[in-house]
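The values are calculated or read from the model by the stated rules, or taken from the named source; none is laboratory data. Since we're looking at a predicted model, the values are computed, not measured. Counting neighbours? That spans all protein chains shown, and the Cβs are built from the backbone with ideal geometry, glycine included.
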Amino acid sequence: MSDGGAGPTDDQLDSVAGHAGIDPASPTPAPAPYGAPGKPFDRRSPFYYGFVGALGALTAWWLFQAVTSIGSVLMMIVVAFFLAAGLNPAVELLERRGLRRSFSVTVVILLALGAVALFLVAIVPVITDQVSALTKNAPIWLDQLQENKRIQELNDEYDVIDKIEAKITDGDFVSALFGGALGFGIKIISALFNMFVIVVLTLYFLASLRTTTTAVYRLAPASRRSRVAAIGDKVIANIGGYVSGAFVVALCAGITSLIFLSFTEIGEYAVALAFVVAVLDVIPMIGATLGAVIVSAIAFATDIKTGIACVIFYVIYQQVENYVVYPRVMSKSVDLPGAVIVIAALIGAGLLGVVGALLAIPVAAAILLIVREVVVKRQDLL
């Protein structure tokens, strides 16, 4: 018979200890030598939120500074990827003809480097001679401009033409543009190094494009991986089509300009001016207009009739390019409204200059494709 005032039995104590996760057979733990641990830090404390928020802001700022410091490297990576995407259709064409991808990549790279080397050997000396001739004739054209009474009044008041003529005739004019002879040499070396890096990166991207994209697609959940892969392949195809198409359009502009200018009074500068037109035509929106303005200005300085002929020719050609050549070349790669093209080119030029303007349109096309296939279709299901 137990006493009514007695405490719990041993069995009851063991049961309570078992529910509490304590082994009844284990000895009583000794007191900690440095005292018992305190309560966990209150995560609802304003100090906790302030400290963690400040630490996150500092980390984000450090990452931003790190990305900014390697901005030029990131730009080269992006340009190399776009070039690889532009060359990829040619590689896939050779693959469909039975060649392995490694051989196809080698053939395409060799052809591209051969084309660049042929251009440097055959065209650059001609362009250099014609640019020198343009520089020598520039003072003559300025003298012809001075015959205009209005130009004479402006020159007498502001001494503009005399200053321009002095700059052009100065032998150090080109070097001064790049900060002196040493600066000019450094710019040339830096440009060559950047070109070499871009070529190497393009080769790596082109050779491992399929492996890289497959690895990226594996990051998506298995249930959505096929859809992500289809959209990603379409984006890369659009980029490749745009890059290839832009070069085709620029090549058409350069060839037509060369043929036309060869029969004008400035035919001796036809190669250099056609090259300028082709390079500027790659820039969306304003590139073709800039090339036409430069050529027409030189033509007007040489002969008024030639200048008028150049204006008429480029007005007609730009209509043909805008409504015939460009739509046919780009119809299968870039499906963008005109307003989106203008806005994308303006934003790209504002952020990254000429390179940004070149990359803006395919990036906008990729974003629009993702919005159509992901965001819009998800909204349709709600």
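Annotations
- Residue in region 304-317 that is touching a residue at least 24 places away in the same chain (Cβ under 8 Å) and closer than 30 Å to Ala80 by Cβ present: no
- Residue within region 271-285 that is in contact with a Leu (Cβ under 9 Å, 6 or more places away or on another chain), within 20 Å of Thr256 (Cβ to Cβ) and of a type in the set (Phe, Trp, Tyr) present: yes
- Pairs, first under 17 Å from Ala237 (Cβ atoms) in region 197-214, second among the polar types (S, T, N, Q) and assigned to a helix (DSSP H, G or I), C-beta under 8 Å, six or more apart: Phe205/Thr212; Leu206/Asn88; Leu209/Asn88
- Matching residues, region 215-236, being touching a helix residue (DSSP H, G or I) at 6+ places or on another chain (Cβ under 8 Å), free of Cβ contacts under 8 Å to residues at least 24 places away in the same chain and not basic (Lys, Arg): Val216, Tyr217, Ala220, Val228, Ala229, Gly232, Asp233
- Test set (1) assigned to a helix (DSSP H, G or I); (2) over 21 Å from the mean Cα position of the chain (by Cα); (3) modelled with pLDDT of 85 or more - Ala270 fails condition number: (3)
- Number of positions in region 204-217 that are hydrophobic (A, V, I, L, M, F, W, C), over 17 Å from the mean Cα position of the chain (by Cα) and surrounded by 11 or more Cβ atoms within 10 Å (Cβ to Cβ): 3
- Scanning region 241-267 for residues that are part of a helix (DSSP H, G or I) and free of Cβ contacts under 8 Å to residues at least 24 places away in the same chain, we see that the one that is farthest from Ala85 (Cα to Cα) is Gly267.
- Test: Tyr48 is of a type in the set (Ser, Thr, Tyr), surrounded by 10 or more Cβ atoms within 10 Å (Cβ to Cβ) and modelled with pLDDT under 85: yes
- Of the residues contained in region 365-377, one or more are found to be buried (at least 19 other Cβ atoms within 10 Å of the Cβ) and among the aliphatic types (A, V, I, L, M).
- Residue pairs meeting the criteria (Cβ under 9 Å; at least 6 apart or on separate chains; first within 14 Å of Tyr204 (Cβ to Cβ), in region 101-115; second basic (Lys, Arg) and modelled with pLDDT under 85): Arg101/Arg210
- Test for Ile298: is it under 28 Å from Gly356 (Cβ atoms) and touching a residue at least 40 places away in the same chain (Cβ under 8 Å): no
- Per the listing Tyr314, Tyr323, the residue uniquely over 30 Å from Pro89 (Cα atoms) and aromatic (Phe, Trp, Tyr) is Tyr314.
- Counted residues, region 185-219 - those being among the hydroxyl-bearing types (Ser, Thr, Tyr) and farther than 20 Å from Ala85 by Cβ: 1
- Residue match in region 238-249 (condition: of a type in the set (S, T, N, Q) and in contact with a Phe, Trp or Tyr (Cβ under 9 Å, 6 or more places away or on another chain)): no
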